[in-house]
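**Q** Dropping the structure in here first, questions after.
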Amino acid sequence: MSLDLTLFNLLYGFASTHKVVGLFIGFMANYAAYFLVAAFIWFVFQRGNWKERIYIASLAIISIIIGRGIFTELFGFFLYRVRPYIALGLPALGLTTGSFPSGHMAFLMPIALIVWSENKRLGKWFLGGTVLIGVSRVAYGYHWPSDILGGIVVGATFFYLTKKFLPK
C-alpha cells in the first residue's frame, strides 16, 4: 500500500495544485471513456464486411461482459477496497463502490487491444488513451494505482481468453 499511497499523492497533488491540469484530469477521468467508446463503434463500422464487424463486436462484448460485468464485480464483492478519496478524507466524489479492480480499465482495455490487434497505428492511440484515463482516475481520487493495474490485467486477460476461444 505504501507505493500506492506515494504514487497517489504524487498524481493527486499535481492535479490539485495546477488548475488547468486539474480540469484536464477531471475531463479525462469522467468523460474521455465515452469518446473512446464512440471511436471504437466508428472503428467497428469501418471494417470491411459484416462478418468482420460481428466478430469484432462479439469479441468486445464477450470480453467486457465477462471481465468487467462479472469478474470485477465478484472480485470487488469479496475483496472490497475503499476508494482513496474516502480513505484519505478528500472531497466526496459520490462513488461508494469498491475500487479494486478498476471497472473502467477492465472495460476499456479489451477495446484498446481489439483496435491494436486490427490496426497497430490506431491501436497505439487507443492504448495511450486508456492508460491516460487510468492515470487520470488516480489523479482525480477515484482509484489507487494498483486498482488501475488490476483492471488492465483483468481486461487484457479476458480479451486474450475470449480471442483464443471465439472462432473467427
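**Q** Under a crude label model (7 Å from the Cα following the beta-carbon direction), how far is Phe14 from Tyr31 in nanometres?
**A** Spacing of the two 7 Å Cα→Cβ label points: 2.2 nm.
**Q** Give me D for the chain in µm² s⁻¹, whole number, from Stokes-Einstein with Rh from the Kirkwood sum over alpha-carbon pairs, 4 °C and 1.567 mPa s.
**A** It comes out at roughly 79 µm²/s.
**Q** What chymotrypsin sites (Phe, Trp or Tyr not before Pro) in segment 1-101 are in a loop by DSSP, with at most 16 other Cβ atoms within 10 Å of the Cβ?
**A** Tyr31, Tyr80
**Q** Here's another thing I want to ask about it. Only four residue types carry charge here, +1 at the Cβ of Lys and Arg and -1 at the Cβ of Asp and Glu. Report the dipole size of the chain about the Cα centre in Debye, rounded to the nearest 20.
**A** Working: 14 positive and 5 negative charges, 106 e Å.
The calculation lands at about 520 debye.
**Q** Relative to the longest principal axis of the C-alpha atoms of the chain, give the angle of the C-alpha long axis of helix 103-118, reported between 0 and 90° and rounded to the nearest 10°.
**A** The angle comes out at about 40 degrees.
**Q** Counting only protein heavy atoms and using a 1.4 Å probe, what share of the accessible area of segment 54-168 belongs to carbon plus sulfur, as a whole percent? Intermediate results must be reported in sequence, preceding the final value.
**A** On the way: 4110 of 5610 Å².
Exposed carbon and sulfur together represent 73 percent of the surface.
**Q** A further question on this structure: In sequence order, what are the phi-derived ³J(HN,Hα) couplings for segment 44-53 according to the Karplus relation 6.51 cos²θ - 1.76 cosθ + 1.60 with θ = phi - 60°, rounded to whole Hz, with x for glycine and proline?
**A** Computed from phi, the couplings for segment 44-53 are 4, 6, 8, 5, x, 9, 5, 5, 5, 4 Hz.
**Q** Take every Cα-Cα pair in segment 78-168 and report what % of them are more than 16 Å apart.
**A** The proportion of pairs with Cα distances above 16 Å equals 56 percent.
**Q** Here's something else I'd like to know. Hey, with R₀ at 41 Å, roughly what FRET efficiency would Leu23 and Lys120 work out to, going by the Cβ-Cβ distance, to 0.05?
**A** With R0 = 41 Å, the Cβ-Cβ based efficiency is 0.80.
**Q** With every protein chain left in place, what is the accessible area per residue of the chain in square angstrom, probe 1.4 Å?
**A** It amounts to 56 Å² per residue over the chain.
**Q** Let me ask something additional. Indicate the gyration tensor shape class of segment 1-89 (rounded, prolate or oblate), computed on the Cα atoms with a ≥ b ≥ c the square roots of the eigenvalues: a/c under 1.5 is rounded; otherwise a/b larger than b/c is prolate and the rest oblate.
**A** In terms of gyration-tensor shape, oblate.
**Q** Now for a different question. Considering only Ile86, Ile56, Ile111, give the residue with the highest GNM mean-square fluctuation for the chain, with springs between Cα atoms whenever their separation is below 10 Å.
**A** In the Gaussian network model the winner is Ile86.
**Q** For the chain, build the charge dipole from Cβ charges (+1 Lys, Arg; -1 Asp, Glu) around the Cα centre, then report which of Val37, Tyr55, Phe158 sits farthest towards its positive end.
**A** Projecting each Cα onto the dipole axis, the largest value belongs to Tyr55.
**Q** Now for a different question. Given Lys19/Lys124; Lys124/Lys164; Lys51/Lys164; Lys124/Lys168, which pairs have Cα atoms separated by over 20 Å? Write down the numbers at each step before the final one.
**A** Values: Lys19/Lys124 28 Å; Lys124/Lys164 22 Å; Lys51/Lys164 18 Å; Lys124/Lys168 23 Å.
Correct reply: Lys19/Lys124; Lys124/Lys164; Lys124/Lys168.
**Q** Okay, next question. Rounded to the nearest 20 debye, what is the charge dipole size of segment 70-168 about its Cα centre when +1 sits on each Lys and Arg Cβ and -1 on each Asp and Glu Cβ?
**A** The dipole magnitude comes to about 360 debye.
**Q** Between segment 22-39 and segment 55-129, what's the alpha-carbon centroid distance in Å?
**A** Centre-to-centre distance over Cα atoms comes out at 14 Å.
**Q** Hey, another quick one. Once Rh is set to the Kirkwood radius over Cα pairs, what Stokes-Einstein translational diffusion coefficient, in µm²/s, holds for segment 38-89 at a temperature of 4 °C and a viscosity of 1.567 mPa s?
**A** The Stokes-Einstein estimate is 96 µm²/s.
The values are calculated or read from the model by the stated rules, or taken from the named source; none is laboratory data. In this text, all values refer to a predicted model and were calculated from it rather than measured experimentally. Counting neighbours? That spans all protein chains shown, and the Cβs are built from the backbone with ideal geometry, glycine included. Surface areas here come from the heavy atoms of the whole protein model, side chains and all, with no ligands, DNA or RNA. Shrake-Rupley method; radii C 1.70, N 1.55, O 1.52, S 1.80 Å.
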